[in-house]
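A quick write-up on the structure given underneath.
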Amino acid sequence: MNPTPDQPTVRFPRDFLWGAATAAYQIEGAVDADGRTPSIWDTFSRIPGAVLNGDTGDGACEHYLRMPEDVALIKELGLGSYRFSVAWPRVRPDGGAPNSAGLDFYSRLVDQLLENGITPWLTLYHWDLPQALEAAGGWLARDTAERFHDYAMTVYGALGDRVRHWTTLNEPWCSAFLGYTGGQHAPGRQEGVAGLVAAHHLMLGHGMVVESLRSADADLSLGITLNLTVAEPFDPAEPADVDAADRVELFWNKVFLDPLLTGAYDARLAARTAGMTWQGRPWEDCVRDGDLAVISVPLDVLGVNYYHGDGASGRIHPPEALLGSRVEHPSRPTASPFPGGEDICFPRRGLPVTGMDWEVQPEGLTRLLQRLRDDYDVPPIYVTENGAAYPDLVGPDGSVHDPERLAFYDQHLRAVHDAIEDGVDVRGYFAWSLLDNFEWAYGYDQRFGIVHVDYATQRRTPKSSGRWFAQVARTGSVPGVSDDVVAVG
Ligand code: PNW
């Protein structure tokens, strides 16, 4: 894939925020350091077949040890902001008492960022629930929302004087539905409609944290990051495909957007899950009076993560016609992440795919941003993740070339620009990811970084996409193709 020919240079608004993102378990390593206890990902990654090649986050990018070097890298790339997550099991090991040694790491990180003129963009939960809390029921237990609130306030107590941008949850869809319905992610449970119970408790925790942070400091910028999709029927003339796309939209987007931005669940959610139970009861039994008022507390930011298009079908297709790995697990039996959705599949539509077998559909991002504006009263949007896994070409001189990733960024940034031109209030963009890292169920097999990591030596090398992205961040514009050659060459 080459950058689309004959594209003009496009300029972003002057105060547009440019950054790169990571997550604690994916980069930190040092899983036993300074009092950290296991998270559900430490446990899950040890289940045979759960993670490709048996990889774990034990070493990862050794960011816990190399943090100053990594901040220097962000500075060298000229990025205005760095989106990272705090590890709950470092800060409150086993979900118990606060641990100052764990908090110190993030305090030093924040200081280092600020000293280098980089705005910290902090995520409280990027999937690393303390294992002890999973043993007590995990996100299926309402109490976990309370524990999350207490943990969040501990982090606020240590960093609230210096961090302005707070994100409660990263992609609760993955935590809830890959974690408790499909089993592709930790804790690996496959309990049908339980995913909706987990989703509700995650969102309850989100709302509780927003309420408390808001009353602690009215000037904070508070948000949540969702991974949203633009599901289309694979064949719009096939009723089964139209129905599958409708369920994907419902169980992926609306299940979070509606309670968050309208204060109510779509009644179709209960209708679509009629007769399904978890522990003998319908999932809606977990919703108590007042919960939706908490969940829909006003936000300053909606974070949107976008990776791929989705053409859904509800019909049988030969396995080779299906996209391999979008929500499939590489090597362990798993279930559909959509409650009752065992018939939902994603056939190939002839679009290019990345190393994850995810369809490249940049205009889907434009449409998604437009739909958020049209369908909801949305706060300002930041694209908090976008990026792609492709193999890197390492040259004899050690330089790393990734023309496909560069083209992916070029196309998706143009798609964001189209949405802004159309009047959507998008204020920033974070590349996923700063570094190659532990890609969850795919271990170290898939590389998403704009900076290459040689795991044998931990050497970091900015890729050609990283150098290109740095130029975009510095100039606030995506260069026309002829300029690209000059900038990257
Ligand atoms: C997101 N799916 O994860 C996460 O926020 C990142 O931590 C991750 O590295 C990145 O996207 C790339 O995968 C997802 O199966 C993982 O649909 C899996 C899915 C979606 C998002």
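Nothing in this text is a laboratory measurement; each read-out follows from the coordinates by a stated rule. Just so you know, these numbers come straight off a predicted model, no measurement behind them. Neighbour counts are summed over all protein chains in view; Cβ atoms, including those assigned to glycine, are modelled from backbone coordinates with ideal geometry.
A few points about this structure:
- Cα pair distances in segment 384-489, grouped into 10 Å bins until the bin that holds the longest one, percent each: 14, 46, 30, 9, 1
- Loop trypsin sites (Lys or Arg not before Pro), segment 127-221 (other Cβ atoms within 10 Å of the site Cβ: 16 or fewer; DSSP): Arg142, Arg162, Arg164
- Globularity ratio of segment 1-140, using Cα Rg and 2.2 N^0.38 Å: 1.24
- Selection among Val383, Thr167, Leu109 by position relative to the dipole of the chain gives Leu109 as farthest towards the positive end (Cβ unit charges, Cα centre).
- For the chain, size of Cβ-based charge dipole, Lys and Arg +1, Asp and Glu -1, in debye: 460 debye
- Taking N as its residue count, the alpha carbon Rg of segment 82-221 over 2.2 N^0.38 Å: 1.04
- Full extension of the chain between Thr457 and Gln7 yields a length gain of 158.1 nm, computed as 0.36 nm times the residue separation minus the alpha carbon distance.
- Relative contact order for the chain, counting Cα pairs under 8 Å that sit 6 or more residues apart, in percent: 20 percent
- Segment 328-429: C-alpha gyration tensor shape, a/c 1.5 cut-off, then a/b vs b/c: oblate
- The ratio of the alpha-carbon radius of gyration of the chain to the globular-protein estimate 2.2 N^0.38 Å is 0.91.
- Nearest-0.05 FRET efficiency for Glu146 and Ala33, computed from C-beta distance (R0 30 Å): 0.65
- The trypsin sites (Lys or Arg not before Pro) of segment 242-344 meeting both criteria, a DSSP state outside H, G, I, E and B (loop) and at most 13 other C-beta atoms within 10 angstrom of the site's C-beta, are Arg288.
- Here each label is just a point 7 Å from Cα along the line to Cβ, and for Leu65 and Ala218 those points are 4.8 nm apart.
- When the charge dipole of the chain is built from unit charges on Cβ atoms (+1 for Lys and Arg, -1 for Asp and Glu) and taken about the Cα centre, the candidate among Ile295, Gln131, Ser465 whose Cα reaches farthest toward its positive end is Gln131.
- Each of Ser212, Ser477, Ser433 has some number of other Cβ atoms within 10 Å of its Cβ, and from fewest to most they run Ser212, Ser477, Ser433.
- Charged neighbours of Ala274, selected by a Cβ distance under 11 Å, balance to +1 (K, R count +1; D, E count -1).
- About the centre of its Cα atoms, segment 143-208 shows a dipole size close to 160 debye [charges on the beta carbon of Lys, Arg (+1) and Asp, Glu (-1) only; nearest 20 debye].
- Remark: the Cα gyration tensor places segment 212-333 in the prolate category, a/c being 1.5 or greater and a/b exceeding b/c.
- The Asp285 and Asp377 beta-carbon pair, evaluated with R₀ = 30 Å, returns a calculated FRET efficiency of approximately 0.55.
- Dipole moment magnitude, nearest 20 debye, segment 181-313 about Cα centre, only Lys, Arg, Asp, Glu C-beta charged: 400 debye
- Neighbour-count ranking [beta-carbon atoms within 10 angstrom, fewest first] of His201, His317: His317, His201
- Charged neighbours of Gly290, selected by a Cβ distance under 14 Å, balance to -1 (K, R count +1; D, E count -1).
- Local electrostatic count at Gly476 - Lys and Arg +1, Asp and Glu -1, tallied over other residues with Cβ under 12 Å: +2
- Packing-based exposure ordering (other Cβ within 10 Å, fewest first) of Leu372, Leu299: Leu299, Leu372
- Taking every C-alpha pair closer than 8 Å and separated by at least 6 residues, the mean separation divided by the residue count of segment 340-489 gives a relative contact order of 22 percent.
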